[in-house]
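Trainee: Sharing a structure here in structure tokens format.
Nothing in this text is a laboratory measurement; each read-out follows from the coordinates by a stated rule. What you see is a predicted model, and the numbers here were worked out from it, not measured in a lab. So basically every Cβ, Gly included, is an ideal-geometry build from the backbone, and we count neighbours across all protein chains shown.
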Amino acid sequence: MKQAGYEDFHYSSTDGLKLYARIYGERNPSALPAICLAGLTRNAADFHDLALYLARHPKTPRQVVAFDYRGRGRSAYDRDWQNYNVVIESGDILAGLAAMGIEHGGFIGTSRGGLIIHVLAAMRPAVLKAVVFNDIGPVVEGAALAQIRAYLERAPKPRTFAEAVEISRAAQKDNFPALTDADWERMARAFYREENGTLVADFDPALLNTMSSIDLNKPLPQMWPQFEGLRGIPVLAIRGENSKLLSAETLEEMARRHPAMETITVEGQGHAPLLETGDLPERIARFLEKAERS
């Protein structure tokens, strides 16, 4: 897929599953590779435009790796849905980096990707040289998770990409008034794939079992100890102005516990902001450059 701006990379997990990642750009000894980790049901395509921007940056081009977790995108589906968990997925990311010969990098995690970063902070902190959290923190709001679960379980099945765009827009327009028509289309095309002439969501349907198994009547686990393990690492936290998953209060507490942390609030977007929109690509590029200097 070199013509699309990236190379396909296939590797095996420790339990033998065939997994996939995209690699953008060339290794630059003076720049950290950027490691992109998507949300629960999303995949590497979400980072395509951001990855191209970072890989082709006129001042500091860097290699960018965007992963498809097991059961998403072009990675194989797991026969046991209980293996769709952040600990196993964190191990998959480490296996992929080892196969690529990457020892460390700047990690960009959207939603579940940010939870994986928290796990990596406990499992292998040396791999993290800079962190960008996209609308995620140590506390996940249960009410927002319930809304996401309900949407995934009940979402209509579109027949065309035009229908997919309209379904997504109808469900999320109030939280994302800043998005353009092109933004909505790009989001939908990253979420669905064509299969036998129809559109299907690009993830294993069994992944929804992981959501159904969560008891939202009980407090969700918090990851403050793992977050505090990042205090010596440059961190940028991005929050959608209308996000219900990452509360403003949690963002404030993150800043209190990590005084050097930088924050961005994205106007007119909810969970999770599209990182290729507005000035976010350049602000992320500048953050990574600053992290390298420090």
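Trainee: Using 0.36 nm per residue, how much length does the chain from Ala171 to Arg56 gain when fully extended, once their Cα-Cα distance is taken away?
Mentor: Values: separation 115, 0.36 × 115 = 41.40 nm, distance 3.41 nm.
Gain on extension, Ala171 to Arg56, equals 38.0 nm.
Trainee: To continue, here is another question. Once the mean 1/r over all distinct Cα pairs of the range 176-271 is inverted, what Kirkwood radius in angstroms do you read off? Intermediate values should be presented prior to the final figure.
Mentor: Values: mean 1/r = 0.0599 Å⁻¹.
One over the average 1/r among Cα pairs gives 16.7 Å for the range 176-271.
Trainee: Further question: Work out from phi, with θ = phi - 60° and the Karplus expression 6.51 cos²θ - 1.76 cosθ + 1.60, the ³J(HN,Hα) of each residue of the range 4-12, listed in order in whole Hz, and give x for Gly and Pro.
Mentor: Per residue, the Karplus-derived 3J(HN,Hα) values read 8, x, 8, 10, 7, 10, 10, 8, 10 Hz.
Trainee: Further question on the same structure: Among rounded, prolate and oblate, which fits the range 136-177 when a ≥ b ≥ c are the square roots of the eigenvalues of its C-alpha gyration tensor, a/c under 1.5 means rounded, and a/b larger than b/c means prolate? Mind showing how you got there, number by number?
Mentor: Working: a/c = 2.96, a/b = 1.86, b/c = 1.59.
Prolate, since a/c reaches 1.5 and a/b exceeds b/c.
Trainee: When Lys and Arg each count +1 and Asp and Glu each count -1, what net charge do the other residues less than 10 Å away from Ala66, Cβ to Cβ, add up to? All intermediate terms of the calculation are to be shown ahead of the outcome.
Mentor: On the way: positive: Arg22; negative: Asp46, Asp68.
Once positives and negatives cancel, what remains is -1.
Trainee: A further question on this structure: Using a cut-off of under 12 Å, list every residue of the range 6-33 whose amide N is near the label point 7 Å from the Cα of His104 along the Cα-to-beta-carbon line.
Mentor: 32-33
Trainee: What are the aspartates and glutamates whose alpha-carbon lies under 15 Å from the alpha-carbon of Lys18, with same-chain residues fewer than 8 places away excluded?
Mentor: Asp8, Asp68, Asp78, Asp80, Glu89, Asp92, Asp204
Trainee: Using θ = phi - 60° and the Karplus relation 6.51 cos²θ - 1.76 cosθ + 1.60, list the HN-Hα couplings for the range 63-76 in order, rounded to whole Hz, with x at every Gly or Pro.
Mentor: 6, 10, 10, 10, 9, 9, 5, 3, x, 10, x, 9, 7, 5
Trainee: Just the number, please: percent antiparallel of the DSSP beta bridges in the chain, rounded to the nearest 5.
Mentor: Working: 16 of 38 bridges.
Antiparallel bridges make up about 40 percent of those DSSP assigns within the chain.
Trainee: Multiply the residue gap between Met123 and Arg293 by 0.36 nm, knock off their C-alpha separation, and tell me the result in nm, one decimal place.
Mentor: On the way: separation 170, 0.36 × 170 = 61.20 nm, distance 2.53 nm.
Result for the pair: 58.7 nm of gain on full extension.
Trainee: Now a separate question. If the viscosity is 1.002 mPa s and the temperature 20 °C, what Stokes-Einstein diffusion coefficient in µm²/s follows for the chain when Rh is the Kirkwood radius over Cα pairs? Display every interim value, and only then the final one.
Mentor: Values: Rh = 19.2 Å.
It diffuses with D of about 112 µm²/s by this estimate.
Trainee: Let me ask something else. For every helix of n ≥ 4 consecutive DSSP H residues, a contribution of -39,500 (n - 2.57) applies; sum these over the chain, divide by its total residues, and give [θ] at 222 nm rounded to the nearest 500 deg cm²/dmol.
Mentor: Working: 10 runs with 105 residues, N = 294.
When only DSSP H runs of four or more count, the value is -10500 deg cm²/dmol.
Trainee: Would you mind computing, in nm to one decimal, how far apart the modelled labels at Asn196 and Thr180 are, each placed 7 Å from Cα along Cα→Cβ?
Mentor: About 3.8 nm separates the two model spin labels.
Trainee: Straight-line reach from Lys59: which lysines have Cα under 24 Å away, leaving out those fewer than 8 places along the same chain?
Mentor: Straight-distance partners of Lys59: Lys2, Lys129, Lys290.
Trainee: Another one. Grab the other residues whose beta carbon is less than 10 angstrom from that of His10, score K and R as +1, D and E as -1, and report the net. Walk me through the intermediate numbers first.
Mentor: Values: positive: Lys18, Arg74; negative: Asp8.
So the environment of His10 carries a net charge of +1.
Trainee: Roughly how many nanometres apart are two label points built 7 Å out from the Cα toward the Cβ at Ser213 and Asn85?
Mentor: Inter-label distance under the simple model: 0.6 nm.
Trainee: Ala4 to Ala248: extension gain in nm, 0.36 nm per residue of separation minus the Cα-Cα distance?
Mentor: Numbers: separation 244, 0.36 × 244 = 87.84 nm, distance 3.74 nm.
Extra length available between Ala4 and Ala248 comes to 84.1 nm.
Trainee: On a C-alpha basis, how far is the centre of the range 34-113 from the centre of the range 243-257 in Å? Whole number, if you could?
Mentor: Answer, in whole Å: 24.
Trainee: Summing Lys, Arg as +1 and Asp, Glu as -1, what charge do residues with Cβ under 12 Å from the Cβ of Leu179 carry, Leu179 excluded? Provide the component values of the computation, followed by the final result.
Mentor: On the way: positive: Arg169, Lys173, Arg186; negative: Asp174, Asp181, Asp183, Glu185, Glu267, Glu276.
Neighbourhood net charge equals -3.
Trainee: Please list, or write none, the lysines whose alpha carbon is within less than 23 Å of the alpha carbon of Lys157, excluding same-chain residues fewer than 8 places away.
Mentor: List returned: Lys173.
Trainee: Could I ask something else about it? Give the relative contact order (percent, whole number) for the range 142-214; include only Cα pairs under 8 Å separated by 6+ residues.
Mentor: Numbers: 40 pairs, mean separation 25.0, N = 73.
Taking the mean separation of contacting Cα pairs over the length of the range 142-214, I get 34 percent.
Trainee: Considering amide H positions built from the backbone, and no H for Pro or chain starts, which residues 5 or more places from Ile108, or on another chain, come under 5 Å of its amide H?
Mentor: It is Ile35, Cys36, Leu37, Val132, by chain and number.
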